[in-house]
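Novice: Dropping a structure here in structure tokens format, bear with me for questions.
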Amino acid sequence: MARGLTINKVESVEKLVMSEDEAIKYLGCSKRFMRTLREKAEISFSKYGKTFFYEVKSINRFLNRHKVV
């Protein structure tokens with residue numbers, strides 16, 4: 001029996017990147033539109049092999065730039 005055992009709460013970590021599928025769901029757009037955003041350098045991304053990763057900050061900046069009030 002362990003004495004003096006303390007249990008710490010696990011804090012959630014803010015996600016910095018999304019996979020392409022996550023970004024498509026987040027934006028509610030098509031794969032073709034994501035490709036257009038990459039080609040026009042509208043959002044930041046990384047590529048590892050054939051897999052694309054998108055920065056959450058960059059996606060949110062894109063949404064704020066195109067916000068209609």
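Novice: Give me the extension gain from Ala41 to Arg3: residue separation times 0.36 nm, minus the current Cα-Cα distance, reported in nm with one decimal.
Specialist: Extending this stretch completely gives an extra 8.1 nm.
Novice: Got a sec? What order do Thr36, Thr6, Thr51 fall in by accessible area at 1.4 Å, biggest, i.e. largest, first?
Specialist: Thr6, Thr51, Thr36
Novice: For region 3-51, which trypsin sites (Lys or Arg not before Pro) are in a loop by DSSP, counting at most 14 other Cβ atoms within 10 Å?
Specialist: Arg3, Lys9, Lys15, Lys40, Lys50
Novice: Using only the heavy atoms of the protein chains and a 1.4 Å probe, how would Leu63, Leu27, Leu5 rank by accessible area, largest first?
Specialist: Leu5, Leu63, Leu27
Novice: What nm value, rounded to one decimal, do you get for the distance between Phe33 and Ser19 when each label is placed 7 Å out toward the C-beta?
Specialist: 2.1 nm
Novice: Please work out the average accessible area per residue across the chain, using the 1.4 Å probe convention, and give it in Å².
Specialist: Per residue, the chain has an accessible area of 89 Å².
Novice: Return the calculated 222 nm mean residue ellipticity for the chain, to the nearest 500 deg cm²/dmol, obtained by summing -39500 (n - 2.57) across DSSP H runs with n ≥ 4 and dividing by the residue count.
Specialist: That calculation yields -11000 deg cm²/dmol at 222 nm.
The values are calculated or read from the model by the stated rules, or taken from the named source; none is laboratory data. Being a predicted model, the structure only gives us computed values, none of them experimental. Cβ atoms come from the backbone with ideal geometry, glycine included; neighbour counts cover every protein chain shown. We work out accessible area using only protein heavy atoms, side chains counted, and drop any ligands, DNA or RNA first. Shrake-Rupley method; radii C 1.70, N 1.55, O 1.52, S 1.80 Å.
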